[in-house]
Amino acid sequence: FDCGSGVGVVRSEETVLLNQWNHITLYRHRWDAWLQLNGGKHVQEECTADRCSRVPCQHGGKCLTSEDSAVCLCPLGFSGDLCEIRVDLQVPSFNGSSHLRYRGLGEEALTWLDFEITLKPTAPDGLILYNGHRGDGFGDFMALYLNDGFVEFGYDLGTGAGIATTQHRISLGEWHRVRVSRTGRLAILSVDNQLPSEVLSPGAFTQLSLPLNLYLGGVPNFGIVSPQVRVRTAFVGCVQMVRINGRTVPILAEALGGANVDNCPHPCIARPCGEDGECVPELDYFTCRDGSSAVLVVDNGPAVTRQSVEIPPMSVSRGENEGLYVGGMPNTSLLSLTRYKHGVKGCVADLVLNTDYRLQVINHSEVGHNVGECEV
C-alpha cells in the first residue's frame, strides 16, 4: 500500500496452505497496517510517510528512508540527527552518507589529468572522488576510492576500464597524500612513500569526457556510478586538500551542494587565524594565509592569535649576529631591546619551519656555545 510518498509492504511470516482454504485478516489505519494469516502472528508495517513524520528534518534537510529506518540528509552548513546544528565548516568530514558536488571536469581532462588529495580515512572502503559521462553509470568515468584499505584509481576512456591499485594498504586514522597523473591511456597512482602504480587502459581511445558533476566523499545515488568501480559505499573520514590540474580547489567555497558534511577535528575549527585570516590545514597543523597575524599553539591547546604590530628599527648593528638562533644568542639583552636577559634553560627536541622543513638543530648549526646533551 502507498500513502502518497512511499510503499509499505506487509508480508506474513507463514506460508499459505496449498489446496486448502486460508483465512486472511487485514487491517489498515492511516499509515499503519497489519496482516494475519490463518490465526498466526500479527505482522505490522507502516508507510514510508509515517517514518519520515517521526524525523522532522530542519533547515531544508530531506528525509531518506530505508527498510526499517529514516535519516535526515542535511544541507551544507548543518548537521545533527535532525539537521538542527549550525556548523561553521572548515575541514570537511564525511560519515558514509555524505557528499559534496561540484562542476564536472568536462573537457578539461580530455588528454591529461593530474590531481592530488590529502585525506584521513576511518573506514577501509569508500568512494572518494567520482566524475562520469552518463547518468546510468556507463561510458567514460574516473574514480578514486578505497577498497579493503587499498587505494584504487579507475577510469574508462570508452573501450574498457583501467584500474591502478596501491601495493600496500594505507593506515586508518592518519593523513595521507594521494596523487594521480593520467596522460592518454596511461595512469600513475602515488600514495605517500609507496612505489607508484601504473596502468594502461585497454583499447585505442585516449580521451576522457566528463560532462556530469564531480563528487567528493560519495554520491547521492550509486546508480550513477560505473559498475567498474569496485565499491558501493561512500568515504568515511576527512579531506583537507584537493588540487586538480595544478589548481587548489576551495573545497567548501566551490561546492554546488552537498549533504551530511560535518567538521573534522582540526585546529582550524577554532579559527586561529582570526576573522580576516584564512586557516590552511597542513595535516594535523595549519598555516595562516594572512601576513598580519601570528598564531601560537602549545601541546594542541587553544590557539593564541595576535595581530602584528610595527616594531621600531633597532639602532644596533647586526653584523655577525645575523641568522637564526636556537636557545639563546650573543648579547641577548641588547639584541632583544632589553626584553630578555638570557637564553632558555632546557631542551629542544625538534624544530620544523614552514610546516615541512625539519631543522637538524645540531648538524645544521654553524656555531654553538655552552650546549650540552639532554637526558632522554
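For G137, only one of the following conditions fails: (1) open to solvent by 50 Å² or more (accessible area, probe 1.4 Å); (2) part of a loop (DSSP other than H, G, I, E, B); (3) farther than 23 Å from S93 by Cβ. What is its number?
Answer for G137: the failing condition is (1).
I'd like the full set of residues that are open to solvent by 40 Å² or more (accessible area, probe 1.4 Å) and either in contact with a Phe, Trp or Tyr (Cβ under 7 Å, 6 or more places away or on another chain) or of a type outside the set (G, A, S) (or both), limited to segment 246-265.
Within segment 246-265, R247, T248, P250, L252, E254, L256, D262, P265 meet the criteria.
Hey, could you check segment 248-275 for residues that are more than 19 Å from G237 (Cα to Cα) and in contact with a strand residue (DSSP E or B) (Cβ under 9 Å, 6 or more places away or on another chain) and say which is modelled with the lowest pLDDT?
Here the answer is G274.
If you go through segment 191-247, how many residues are over 18 Å from G162 (Cα atoms) and over 18 Å from the mean Cα position of the chain (by Cα)?
11
When only residues in segment 278-288 that are without any contact (Cβ under 8 Å) to a residue 40 or more places away in the chain and within 20 Å of V87 (Cβ to Cβ) count, which is farthest from the chain's Cα centre (by Cα)?
E278
Would you call V9 modelled with pLDDT under 85, surrounded by fewer than 14 Cβ atoms within 10 Å (Cβ to Cβ), in a loop (DSSP other than H, G, I, E, B) and among the aliphatic types (A, V, I, L, M)?
So V9 passes the test.
Which residue pairs have Cβ atoms under 7 Å apart, sit 6 or more places apart or on different chains, and have a first residue in segment 138-166 that is outside the structural domain of F222 (by the TED database) and within 16 Å of V219 (Cα to Cα) and a second that is polar (S, T, N, Q) and open to solvent by 20 Å² or more (accessible area, probe 1.4 Å)?
Short answer, once both residue conditions are applied: none.
Conditions first: (1) in contact (Cβ under 8 Å) with a residue 40 or more places away in the chain; (2) at positive phi. D192 passes all but one, so which condition is the exception?
(1)
Which one of these does R289 not meet: (1) at pLDDT below 80; (2) farther than 30 Å from L105 by Cα?
(2)
So G104 clears everything in (1) at pLDDT 90 or above; (2) touching an Asp or Glu at 6+ places or on another chain (Cβ under 9 Å) except one condition, right? Which one?
(2)
The values are calculated or read from the model by the stated rules, or taken from the named source; none is laboratory data. Here the structure is a predicted model, which means the values were calculated and not measured. Glycine also receives a Cβ, built like all others from the backbone with ideal geometry; neighbour counts cover every protein chain displayed. Remember, those area values only see protein heavy atoms, side chains included, never the ligands or the DNA or RNA. Shrake-Rupley method; radii C 1.70, N 1.55, O 1.52, S 1.80 Å.
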